[in-house]
Amino acid sequence: QVQLVESGGGLVQPGGSLRLSCAASGSFFSISVMGWYRQAPGKEREVVATINRRGTTDYADSVKGRFTVSRDNAKNTVYLQLNSLKPEDTAVYYCNVRTIVSNDYWGKGTLVTVSS
């Protein structure tokens, strides 16, 4: 069994910051790519940011310059620093882990609400 435990969501005012964490535990092949996705009400899930084992990152255009993804390979943990948050960033954020044999695992999601 593989478990992804997310934390760090919550309510924040526009312009504020949050830091999300996701720790993977259990038995699995080595992790290749870790990332964050989000799903806003009435919308499809979309990729926010990904990071591979060597630290190469990729971001959705809508979050470039505001969000930063990082990972700790020793802890099988991925982080997402969210700065300059906007109301349109409101969504459930999901952690994703893909192993070197292309198994995909998802967290249960953590809600981020940006509102004054």
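The values are calculated or read from the model by the stated rules, or taken from the named source; none is laboratory data. Being a predicted model, the structure only gives us computed values, none of them experimental. Backbone-built Cβ (ideal geometry, glycine too); neighbour counts: all protein chains shown. Ligands, DNA and RNA are excluded from the accessible area calculation, which covers all protein heavy atoms including side chains. Shrake-Rupley method; radii C 1.70, N 1.55, O 1.52, S 1.80 Å.
Annotations for the structure displayed:
- Single condition residue 38 does not satisfy, out of (1) of a type in the set (Lys, Arg); (2) surrounded by 11 or more Cβ atoms within 10 Å (Cβ to Cβ); (3) in a loop (DSSP other than H, G, I, E, B): (3)
- Residue count for the stretch 41-69, restricted to those that are among the aliphatic types (A, V, I, L, M) and open to solvent by 40 Å² or more (accessible area, probe 1.4 Å): 1.
- Test result for residue 24, on the phi < 0 side of the Ramachandran plot, at pLDDT below 95 and in a strand (DSSP E or B): yes
- Any pair with Cβ under 8 angstrom, 6 or more apart, that starts in the stretch 100-116 at a residue that is without any contact (Cβ under 8 Å) to a residue 40 or more places away in the chain and within 18 Å of residue 46 (Cα to Cα) and ends at one that is open to solvent by less than 60 Å² (accessible area, probe 1.4 Å) and in a strand (DSSP E or B): 104/96; 104/97
- The test for being in contact with a Leu (Cβ under 8 Å, 6 or more places away or on another chain), in contact (Cβ under 8 Å) with a residue 40 or more places away in the chain and of a type in the set (A, V, I, L, M) holds for residue 48.
- Residues of the stretch 51-77 that are among the β-branched types (Val, Ile, Thr), closer than 22 Å to residue 31 by Cα and touching a residue at least 24 places away in the same chain (Cβ under 8 Å): 51, 69, 77.
- Of the residues making up the stretch 70-113, those that are aliphatic (A, V, I, L, M) and open to solvent by less than 10 Å² (accessible area, probe 1.4 Å) are 78, 80, 82, 85, 91, 97, 112.
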